[in-house]
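Peer 1: Before anything else, here's the structure in question.
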Amino acid sequence: MAKQLTEIRMPQLAESLVSATVERWLKEPGHRVEMYEPICEIITDKVNAEIPSTVAGVMARILVGPGETVEVGTPICLIETEGEGEAEDSPVSAGEASGYGVAAGVTGPGAGSSSSSAFDPSAPMRHRYSPAVRKLAEEYGVDLAAVAGTGLGGRITRKDVLNHISRAGAAGGTSTALKTAVPVSGAGATTTSAPAQGPAILTRTDASAGSAPDAPSAVPTVEVEEPRAPGREYYIDVTPIRKAIAKNMRQSVSEIPHAWTSIEVDVTNLVALRNRWKDEFRKQEGVNLTYLPFLIKAVVSAIRDYPIMNSVWADDRIIVKRDINISLAVGTEDSVLTPVIRNADQKTIVGLAHEIHELARKTREGKLTLEDMQGGTFTVNNTGTFGSILSVPIINYPQAAILTMEAIVKRPVVVHDMIAIRSMVNLCLSFDHRILDGVICGRFHQRVKENLESYTIDTKLY
């Protein structure tokens with residue numbers, strides 16, 4: 001049976017997902033691939049995931065390198081098949097496949113060379129640019145209309161843009177300061193030669209550097225020097241997951257008018273309740289009994305009384321969610337993720353403890369799925385784990401509020417006109433002032449306080 005090349009495209013793993021970043025490839029060109037076998041790992045703005053192959057065959061070509069972000073539906077690799085076991089991917093002939101630019105793990109003397117139809121204005125994919133291509137072109141001030149597209153249907157690849165920059169730099173001589181078009185840490189920077197005794201120079205394009213409007217963009221004038229002495233400083237590459245966190249945090253702070261409030265809660269009875277049960281709970285349930293299940297139980301009970309806390313801003317309306325799905329902020333060594341406890345108001349303290357344990361385990365082991373990350377309506381955080389006593393958390397966009405539990409500390413307080421040593425904790429609430437005002441948030445905060453202080457040594461966990 002004749003062999004053919006089949007495209008594997010970036011799937012839409014969630015309704016709101018429009019792009020994803022390839023983190024690493026699990027298969028290289030020449031490797032055998034079975035149907036449904038994972039071929040690469042991707043990172044979205046929500047979670048990491050593995051992409052399975054929809055056909056069985058041999059990996060022929062990788063089209064999207066590690067660290068590159070592409071839109072949903074973009075071809076990411078080609079698999080050579082014998083026409084069997086195909087799913088929804090369309091076959092590509094060898095002639096069509098030759099139009100793809102070189103990606104990670106694929107090299108050759110003719111890599112990145114333009115085809116005769118590169119500038120064909122009628123090419124069907126000529127004006128469809130991936131986010132990575134647009135970003136690189138904007139960074140270097142490249143006019144994409146002047147770039148030869150070697151992708152399928154005349155599409156311009158990231159490699160095409162880099163080749164165009166390289167040729168423009170060579171044509172411009174020393175004035176362009178671009179000698180070798182080699183990406184640095186995926187950031188699109190380029191390295192130029194420097195004296196052996198001096199620092200290496202990283203150069204980037206200045207879009208306003210005075211290049212002729214009709215000519216390919218001239219390259220760089222801005223310089224960044226490497227450290228002058230060993231140990232003075234070093235660089236850390238920004239990972240895709242860190243970029244996603246930065247994007248979401250920036251969006252939250254720039255779009256949501258944050259307001260904050262903090263309240264003090266006496267949790268002496270709660271501490272006694274946990275101390276009574278924690279050892280037996282560990283033996284019976286196999287998980288630790290922390291304060292978090294009690295806090296979440298108190299929060300979801302308060303949300304039922306004040307459902308506006310469980311809402312989202314939608315410009316011309318406020319969407320109030322009926323399901324109470326609690327996003328749980330879980331930190332790892334290099335990121336913070338917010339897996340979701342669904343229908344938290346329907347769970348007991350024991351059930352919440354198991355959910356918290358399982359989500360924390362999956363987060364730290366990198367096994368969260370998109371389903372684990374979607375649908376959150378209100379976020380709870382526990383910065384008290386690190387000894388914090390006061391913080392102003394950033395809202396988990398696009399939710400309306402986030403509540404943080406600080407460290408429980410023993411303090412002298414006045415109880416019935418007498419000084420007593422009590423276990424006290426601060427609860428800090430950040431809220432979207434477009435949706436929520438001080439009155440409703442104050443009442444909600446007070447209700448959470450009442451719920452936490454209502455625990456007694458006899459409270460049932462089951």
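The values are calculated or read from the model by the stated rules, or taken from the named source; none is laboratory data. Here the structure is a predicted model, which means the values were calculated and not measured. Note that each Cβ is placed from the backbone with ideal geometry, even for glycine, and that neighbours are counted across all protein chains shown.
Peer 1: Taking the stretch 1-25 as the search range and keeping residues that are at pLDDT 80 or above and aliphatic (A, V, I, L, M), which one is farthest from the chain's Cα centre (by Cα)?
Peer 2: Only one residue fits best here, namely Leu5.
Peer 1: Which members of the stretch 286-312 meet the condition of being crowded, with 16+ Cβ neighbours inside 10 Å and either farther than 27 Å from Val265 by Cα or β-branched (Val, Ile, Thr) (or both)?
Peer 2: Going through the stretch 286-312, the residues crowded, with 16+ Cβ neighbours inside 10 Å turn out to be 287, 289-303, 306, 308-312.
Answer for the stretch 286-312, where residues must be crowded, with 16+ Cβ neighbours inside 10 Å and either farther than 27 Å from Val265 by Cα or β-branched (Val, Ile, Thr) (or both): Val287, Thr290, Ile296, Val299, Val300, Ile303, Ile308, Val312.
Peer 1: Follow-up. Can you name the residue in the stretch 356-390 that is free of Cβ contacts under 8 Å to residues at least 60 places away in the same chain, surrounded by fewer than 18 Cβ atoms within 10 Å (Cβ to Cβ) and among the polar types (S, T, N, Q) and is also nearest to Ser262 (Cα to Cα) among such residues?
Peer 2: The residue in question is Ser388.
Peer 1: Looking at the stretch 297-347 only, could you name the residues that are over 17 Å from Asn396 (Cα atoms), at pLDDT below 95 and touching a Leu at 6+ places or on another chain (Cβ under 9 Å)?
Peer 2: none
Peer 1: Can you pull out every residue in the stretch 337-358 that is touching a strand residue (DSSP E or B) at 6+ places or on another chain (Cβ under 6 Å), in a helix (DSSP H, G or I) and more than 24 Å from Pro307 (Cα to Cα)?
Peer 2: Result: no residue meets the conditions.
Peer 1: Out of the stretch 229-256, which residues are surrounded by fewer than 13 Cβ atoms within 10 Å (Cβ to Cβ) and either in contact (Cβ under 8 Å) with a residue 12 or more places away in the chain or in contact with a strand residue (DSSP E or B) (Cβ under 8 Å, 6 or more places away or on another chain) (or both)? Give the steps one after another, and end with the answer.
Peer 2: First, pick out the residues of the stretch 229-256 that are surrounded by fewer than 13 Cβ atoms within 10 Å (Cβ to Cβ): 229-237, 246-247, 250, 254.
Selection gives Tyr235, Asp237, Lys247.
Peer 1: Here is a check on your reading of the model: is Gly375 within 15 Å of the chain's Cα centre (by Cα) and in a loop (DSSP other than H, G, I, E, B)? Give the derivation first.
Peer 2: Details: within 15 Å of the chain's Cα centre (by Cα): no; in a loop (DSSP other than H, G, I, E, B): yes.
Answer is no for this residue.
Peer 1: Now, a different point. Can you pull out the helices (runs of 4 or more DSSP H) entirely within the stretch 229-316 that have at least 2 residues that are of a type in the set (Asp, Glu)? Working first, answer last.
Peer 2: Working: elements: 240-255, 268-285, 292-305.
Those helices (runs of 4 or more DSSP H) span 268-285.
Peer 1: May I pose another question? Could you tell me which residue of the stretch 411-462 is farthest from Leu270 (Cα to Cα), considering only residues that are aromatic (Phe, Trp, Tyr) and modelled with pLDDT of 95 or more? Step through it out loud before you land on a result.
Peer 2: Here is the first cut: in the stretch 411-462, the residues aromatic (Phe, Trp, Tyr) are 431, 444, 455, 462.
Keeping just the survivors that are modelled with pLDDT of 95 or more gives 431, 444, 455.
Working: Phe431: 26, Phe444: 20, Tyr455: 6 Å.
Here the answer is Phe431.
Peer 1: May I ask you to verify whether Leu352 is modelled with pLDDT under 95 and buried (at least 21 other Cβ atoms within 10 Å of the Cβ)?
Peer 2: Values: modelled with pLDDT under 95: no; buried (at least 21 other Cβ atoms within 10 Å of the Cβ): yes.
Here the answer is no, as Leu352 does not meet what is asked.
Peer 1: Somewhere in the stretch 396-409, is a residue assigned to a strand (DSSP E or B) and surrounded by fewer than 14 Cβ atoms within 10 Å (Cβ to Cβ)? Give the derivation first.
Peer 2: Keep residues of the stretch 396-409 that are assigned to a strand (DSSP E or B), which gives 399, 401-405, 409.
Applying the additional criterion that residues be surrounded by fewer than 14 Cβ atoms within 10 Å (Cβ to Cβ) yields 409.
Scanning the stretch 396-409, I find at least one residue that is assigned to a strand (DSSP E or B) and surrounded by fewer than 14 Cβ atoms within 10 Å (Cβ to Cβ), so the answer is yes.
Peer 1: Kindly establish whether Ile389 is part of a loop (DSSP other than H, G, I, E, B) and under 16 Å from the mean Cα position of the chain (by Cα). Walk me through it before giving the result.
Peer 2: Numbers: part of a loop (DSSP other than H, G, I, E, B): yes; under 16 Å from the mean Cα position of the chain (by Cα): no.
No, not satisfied.
Yes/no per residue for (1) out of contact with any Pro (no Cβ under 6 Å at 6 or more places or on another chain); (2) at positive phi:
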residue	(1), (2)
Val312	no, no
Ile318	yes, no
Asn325	yes, no
Leu337	yes, no
Thr348	yes, no
Gly375	yes, yes
Phe378	yes, no
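Peer 1: From the list Val448, Val413, Val425, which residue is touching a Gly at 6+ places or on another chain (Cβ under 9 Å), in contact (Cβ under 8 Å) with a residue 24 or more places away in the chain and among the hydrophobic types (A, V, I, L, M, F, W, C)? If you could, list the steps in order and put the result at the bottom.
Peer 2: On the way: Val448 fails: touching a Gly at 6+ places or on another chain (Cβ under 9 Å); Val413 fails: touching a Gly at 6+ places or on another chain (Cβ under 9 Å).
After ruling out the rest, the residue left standing is Val425.
Peer 1: Another question, then. Limited to the stretch 257-268, what total is found for residues that are surrounded by fewer than 18 Cβ atoms within 10 Å (Cβ to Cβ), in contact with a Ser or Thr (Cβ under 6 Å, 6 or more places away or on another chain) and under 30 Å from Thr456 (Cα atoms)?
Peer 2: Looking only at that region, the number is 1.
Peer 1: Only one of Glu50, Glu68, Glu34, Glu28 is under 30 Å from the mean Cα position of the chain (by Cα), under 30 Å from Val340 (Cβ atoms) and at pLDDT 85 or above. Can you tell me which?
Peer 2: Working: Glu50 fails: at pLDDT 85 or above; Glu34 fails: under 30 Å from Val340 (Cβ atoms); Glu28 fails: under 30 Å from Val340 (Cβ atoms).
Answer to the selection: Glu68.
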